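A quick write-up on the structure given underneath.
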Amino acid sequence: MAMLKIKNLSVSYGAIEAVKNVSFEVNEGEVVTLIGANGAGKTSILRTISGLVRPSEGSIFYLGNDIQKVPARKIVAEGLAQVPEGRHVFPGLTVLENLEMGAFLSKNKEENKLNMKKIFERFPRLEERKNQDAATLSGGEQQMLAMGRALMSKPKLLLLDEPSMGLAPIFIQEIFDIIQDIQKQGTTVLLIEQNANKALSIADRGYVLETGKIVLSGTGQELLASEEVRKAYLGG
């Protein structure tokens, strides 16, 4: 079943068309990745799905409902959360306070407490640093915090924008292990990632974008084996 269905999506910033007639689906339980060079339109697609940008054309169906005119706040309430590129933790707030911001729409204190416990079980480093200013964490720890904050809203669909960007190799592997664990626990994932090899290795399916258009699609393994993808994105 398609949890997310994008149909003929176009996104423009003034005269610049960043996304051009893009269509794809994310089925329940999948990890789907969008790969492509900088400026290919990947982040614009995620921001449009999240309600932060309005499309110039096309439709966005989430759980069978057209959400392209739904406010971002209501989209989060329906179980769709985004971890933005660059992490964007809240400086001046502790790790604990940052996580609590992820549950700002929930009034159920007991459920929030239980969710916090699960986040700390998944990210023990965050519990160790729960009273530390979020801005003083390492890049990898901030990425874990951004992911934990999004998971506090108990999303059905998690959008991840470049989660490995700027991280040391040891953290990159850990982040991808966490993404796989999130999927196993029942959350569907739409992943944007410059590290095409890592992304396709864990993805059920993938789409390759160039200058705002989808030019290739297939299973993660099919795209890994594609000569075109290897030459353009895998250094083959």
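The values are calculated or read from the model by the stated rules, or taken from the named source; none is laboratory data. In this text, all values refer to a predicted model and were calculated from it rather than measured experimentally. Ideal geometry is used to build each Cβ from the backbone, glycine not excepted, and the neighbour counts take in all protein chains shown.
If you filter the stretch 184-203 down to residues that are of a type in the set (A, V, I, L, M, F, W, C) and over 10 Å from Ile35 (Cβ atoms), you find that the one that is surrounded by the most Cβ atoms within 10 Å (Cβ to Cβ) is Leu190. Which members of the stretch 1-51 meet the condition of being surrounded by 15 or more Cβ atoms within 10 Å (Cβ to Cβ), closer than 24 Å to Lys74 by Cα and hydroxyl-bearing (Ser, Thr, Tyr)? Answer for the stretch 1-51, where residues must be surrounded by 15 or more Cβ atoms within 10 Å (Cβ to Cβ), closer than 24 Å to Lys74 by Cα and hydroxyl-bearing (Ser, Thr, Tyr): Ser10, Ser12, Thr43, Ser44, Thr48, Ser50. Selection of the stretch 52-71 for residues being more than 18 Å from Phe24 (Cα to Cα) and either at pLDDT 95 or above or surrounded by fewer than 16 Cβ atoms within 10 Å (Cβ to Cβ) (or both) yields Leu52, Lys69, Pro71.
Across the stretch 163-179, the qualifying residues are those that are assigned to a helix (DSSP H, G or I) and either within 17 Å of Glu85 (Cα to Cα) or among the hydrophobic types (A, V, I, L, M, F, W, C) (or both), and the one among them that is farthest from the chain's Cα centre (by Cα) is Ile170. Scanning the stretch 49-66 for residues that are in a loop (DSSP other than H, G, I, E, B), touching a residue at least 40 places away in the same chain (Cβ under 8 Å) and closer than 16 Å to Thr188 by Cα yields Ser50, Leu63. Of all the listed residues (Leu63, Leu99, Leu114, Leu34), the sole one being in contact with a Gly (Cβ under 6 Å, 6 or more places away or on another chain) and either closer than 23 Å to Ser164 by Cβ or of a type in the set (A, V, I, L, M) (or both) is Leu99. Residue under question is Lys109, and the condition is that it be out of contact with any Asp or Glu (no Cβ under 6 Å at 6 or more places or on another chain), exposed (fewer than 15 other Cβ atoms within 10 Å of the Cβ) and farther than 22 Å from Lys184 by Cα; does it hold? For Lys109, the condition - out of contact with any Asp or Glu (no Cβ under 6 Å at 6 or more places or on another chain), exposed (fewer than 15 other Cβ atoms within 10 Å of the Cβ) and farther than 22 Å from Lys184 by Cα - is met.
No other residue among Ala225, Ala196 is out of contact with any helix residue (DSSP H, G or I) (no Cβ under 8 Å at 6 or more places or on another chain) and among the hydrophobic types (A, V, I, L, M, F, W, C) apart from Ala225. Within the stretch 125-142, being out of contact with any Leu (no Cβ under 7 Å at 6 or more places or on another chain), farther than 19 Å from Pro169 by Cα and assigned to a helix (DSSP H, G or I) holds for Glu127, Glu128, Ala135, Thr136. Taking the conditions exactly as written (in a loop (DSSP other than H, G, I, E, B) and under 24 Å from Leu191 (Cα atoms)), does Phe120 satisfy them or not? No; evaluated as a whole, the condition is false for this residue.
Yes/no per residue for (1) in a loop (DSSP other than H, G, I, E, B); (2) farther than 30 Å from Lys5 by Cβ:
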{"position": "Glu85", "(1), (2)": "yes, no"}
{"position": "Glu100", "(1), (2)": "no, yes"}
{"position": "Met116", "(1), (2)": "no, yes"}
{"position": "Met144", "(1), (2)": "no, yes"}
{"position": "Met147", "(1), (2)": "no, no"}
{"position": "Ser153", "(1), (2)": "yes, no"}
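Checked against (1) touching a strand residue (DSSP E or B) at 6+ places or on another chain (Cβ under 8 Å); (2) more than 21 Å from Tyr207 (Cβ to Cβ); (3) part of a loop (DSSP other than H, G, I, E, B); (4) not acidic (Asp, Glu), Lys69 passes all but a single condition, namely (1).
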